Number of protein chains: 4
Amino acid sequence: MSSKEQIAAFIKTEFPQARVVIESVGDKSAIVAQEIGESDLRPGGTVSGPTLMAVADVALYVAVLGEIGIVPLAVTTSLTINFLRRPEAGRRIIGECKLMKVGKTLAIGEVSLYSEGREEPVAHVVGTYAIPPAHLR
Amino acid sequence: MSSKEQIAAFIKTEFPQARVVIESVGDKSAIVAQEIGESDLRPGGTVSGPTLMAVADVALYVAVLGEIGIVPLAVTTSLTINFLRRPEAGRRIIGECKLMKVGKTLAIGEVSLYSEGREEPVAHVVGTYAIPPAHLR
Amino acid sequence: MSSKEQIAAFIKTEFPQARVVIESVGDKSAIVAQEIGESDLRPGGTVSGPTLMAVADVALYVAVLGEIGIVPLAVTTSLTINFLRRPEAGRRIIGECKLMKVGKTLAIGEVSLYSEGREEPVAHVVGTYAIPPAHLR
Amino acid sequence: MSSKEQIAAFIKTEFPQARVVIESVGDKSAIVAQEIGESDLRPGGTVSGPTLMAVADVALYVAVLGEIGIVPLAVTTSLTINFLRRPEAGRRIIGECKLMKVGKTLAIGEVSLYSEGREEPVAHVVGTYAIPPAHLR
């Protein structure tokens with residue numbers, strides 16, 4: 001329902017700290033990418049867990065907005081992350097989100113996170129978003 | 001096994017971005033606190049989800065280190081967060097962690113997150129940590 | 001809002017297979033107990049995972065009904081279980097549920113599961129319930 | 001590493017109550033199916049949550065055994081289920097598992113559960129299995 005550009009502009013106002021680029025959105029899915037900076041790294045040259053969670057959170061939000069339109073009141077209600085492999089410091093983190101359900105009050109999706117160019121995911125996320133009732137949007 | 005000061009020093013090197021203060025640690029539990037800065041806020045004056053997740057992650061780590069000693073190789077393997085209420089922008093986030101199990105290879109704990117001074121939690125986290133085998137520590 | 005007896009009668013019609021006894025309910029919490037039968041056991045004399053999940057699911061449901069009254073349409077939307085210790089075959093499973101939030105559309109609670117008489121939990125559950133809007137109840 | 005028949009025989013001894021049929025296993029994945037009986041139903045003609053969790057648990061176990069061989073000591077350590085749609089009483093439940101990681105001590109996979117013949121999943125599960133060290137197998 002919303003274009004990539006509309007969502008990108010909205011994300012910029014809602015998550016001013018987000019450094020995520022929207023690669024694609026639509027058909028109950030979204031792909032986002034994030035450059036890794038000094039503040040995302042942990043000693044040993046890996047990407048911090050909270051950075052991964054933040055990328056997944058935005059990927060889910062972008063996919064939800066792609067389905068229901070720009071709805072500022074949509075909020076994450078839960079998020080489960082499993083860390084699978086060490087992300088590489090020198091590669092962008094890619095988040096690929098697929099929504100499993102977009103109901104009237106709840107959307108549920110999963111996100112696979114990758115170090116760009118690698119085949120095996122570094123983490124996997126399942127998240128739920130509460131969608132405000134139509135008359136409150 | 002480790003004192004609050006040892007753990008605080010270690011956290012500072014492992015999570016150089018962390019702005020968490022350790023209030024207490026010991027007896028399979030830990031309490032940490034984090035000042036909220038501009039970069040933690042979302043429009044409307046609430047604390048971002050990734051900031052809450054980061055505080056919970058550190059609270060778990062501190063509690064685990066309090067039990068097993070300073071073990072750099074311990075890593076988060078999973079984290080489930082449920083967002084319960086809007087945190088307040090002007091209050092520190094307090095994370096209270098209780099470990100439910102500290103096994104040979106896995107530690108599991110829960111963290112209740114609060115806006116300082118409030119009774120009702122803003123979020124609840126369950127997380128697991130992988131503990132490296134003794135000969136690798 | 002509902003008495004223990006009302007909820008017990010309702011559970012009996014909604015979960016006819018449930019063999020759970022309600023020990024207490026009220027004040028955003030509930031305690032339930034389940035006898036362990038042959039069909040709940042795994043070789044080696046421990047209680048199966050699905051049996052533990054079923055007890056936790058009922059404990060959450062009982063606690064929710066205790067708050068919002070008898071609402072047949074309330075449904076579990078998610079459940080996260082962490083298995084902590086081997087339950088004992090010869091002891092009832094006790095589920096202690098505390099609700100963390102009872103909102104208009106969602107209730108969230110945690111359940112600690114015990115082998116009766118033991119201090120350390122055998123498993124920990126976080127679950128969410130969708131509450132139907134008032135005009136649909 | 002193990003054939004479908006070997007795993008089926010093993011599951012029968014480990015989960016004597018399981019009524020699951022293994023449709024396929026291999027390549028870090030597994031598909032299982034379960035007939036729905038009276039004891040799996042809830043009033044209104046839907047399949048109970050614990051039945052879904054049990055199918056997912058076995059699907060994960062079968063996929064893990066397909067990778068590491070018959071290892072009796074492997075145990076579920078956590079399971080997160082999101083309920084998406086009402087399953088239909090008259091259809092078998094199909095569980096499709098894909099392992100995301102098979103490490104030395106931990107395997108992580110996801111399971112999509114379907115009412116047989118339907119396209120949209122009724123539930124989604126992420127689970128972790130602890131794998132005993134080689135010298136204990």
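The values are calculated or read from the model by the stated rules, or taken from the named source; none is laboratory data. The structure presented is a predicted model; accordingly, all values stated were derived computationally and were not measured. Cβ: placed from backbone, ideal geometry, glycine included. Neighbour counts: every protein chain shown.
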**Positions within the range A:1-16 being touching a Lys or Arg at 6+ places or on another chain (Cβ under 9 Å) and surrounded by 14 or more Cβ atoms within 10 Å (Cβ to Cβ), in sequence order** = A:Glu14, A:Phe15
**Asked** So which residues in the range C:38-53 are assigned to a loop (DSSP other than H, G, I, E, B) and either closer than 24 Å to C:Ile108 by Cα or modelled with pLDDT under 90 (or both), if there are any at all?
**Response** C:Pro43, C:Gly44, C:Gly45
**Request:** Taking the options A:Val64, A:Val20, name whichever one is in contact with a Phe, Trp or Tyr (Cβ under 6 Å, 6 or more places away or on another chain) and surrounded by 19 or more Cβ atoms within 10 Å (Cβ to Cβ).
**Result:** A:Val64
**Item:** In the range C:33-55, residue farthest from the chain's Cα centre (by Cα) [restricted to those that are within 14 Å of another protein chain (Cβ to nearest Cβ) and among the aliphatic types (A, V, I, L, M)]
**Value:** C:Leu41
**Request:** Return the pairs, sorted by first residue and then second, in which the second residue is assigned to a strand (DSSP E or B) and among the aromatic types (Phe, Trp, Tyr), the first residue lies in the range D:108-121 and is farther than 18 Å from D:Ala30 by Cβ and touching a residue at least 12 places away in the same chain (Cβ under 8 Å), the beta carbons are less than 8 Å apart, and the residues are 6+ apart or on different chains.
**Result:** D:Glu120/D:Tyr114
**Prompt:** Just checking, which of A:Ala74, A:Ala56 is buried (at least 17 other Cβ atoms within 10 Å of the Cβ), closer than 29 Å to C:Gly109 by Cα, in contact with a strand residue (DSSP E or B) (Cβ under 6 Å, 6 or more places away or on another chain) and modelled with pLDDT under 95?
**Reply:** A:Ala74
**Fill in**
The residue that is farthest from C:Leu106 (Cα to Cα), considering only those in the range D:77-91 that are within 11 Å of chain C (Cβ to nearest Cβ) and hydrophobic (A, V, I, L, M, F, W, C), is D:Leu79
**Asked** Would you say D:Leu73 is in contact (Cβ under 8 Å) with a residue 24 or more places away in the chain, assigned to a strand (DSSP E or B) and touching a Pro at 6+ places or on another chain (Cβ under 9 Å)?
**Response** no
**Request:** Could you please find all residues in the range A:34-53 being crowded, with 19+ Cβ neighbours inside 10 Å and small (Gly, Ala, Ser)?
**Result:** A:Ser48, A:Gly49
**Message:** Checking the conditions here, which among A:Tyr114, A:Tyr61 is closer than 22 Å to B:Thr51 by Cβ and among the aromatic types (Phe, Trp, Tyr)?
**Reply:** A:Tyr61
**Asked** Any residue at all in the range C:50-69 that is of a type in the set (S, T, N, Q) and farther than 19 Å from C:Lys28 by Cβ?
**Response** yes
**Candidates B:Ala63, B:Ala59, filtered to the one that is among the small types (Gly, Ala, Ser), within 14 Å of chain A (Cβ to nearest Cβ) and closer than 21 Å to B:Thr76 by Cα** = B:Ala59
**Fill in**
Taking the range C:1-37 and keeping only residues that are assigned to a strand (DSSP E or B) and in contact (Cβ under 8 Å) with a residue 24 or more places away in the chain, one is left with C:Val20, C:Ile22, C:Glu23, C:Val25, C:Gly26, C:Ser29, C:Ala30, C:Ile31, C:Val32, C:Ala33, C:Gln34
**Asked** Across the range C:110-130, which residue is surrounded by the most Cβ atoms within 10 Å (Cβ to Cβ) among those that are under 14 Å from C:Arg85 (Cβ atoms) and among the polar types (S, T, N, Q)?
**Response** C:Ser115
**Prompt:** Where in the range C:92-137 are there strands (runs of 3 or more DSSP E), lying fully within it, with 2 or more residues that are within 13 Å of chain B (Cβ to nearest Cβ), within 19 Å of C:Gly66 (Cα to Cα) and touching a Lys or Arg at 6+ places or on another chain (Cβ under 7 Å)?
**Reply:** C:93-102, C:106-115
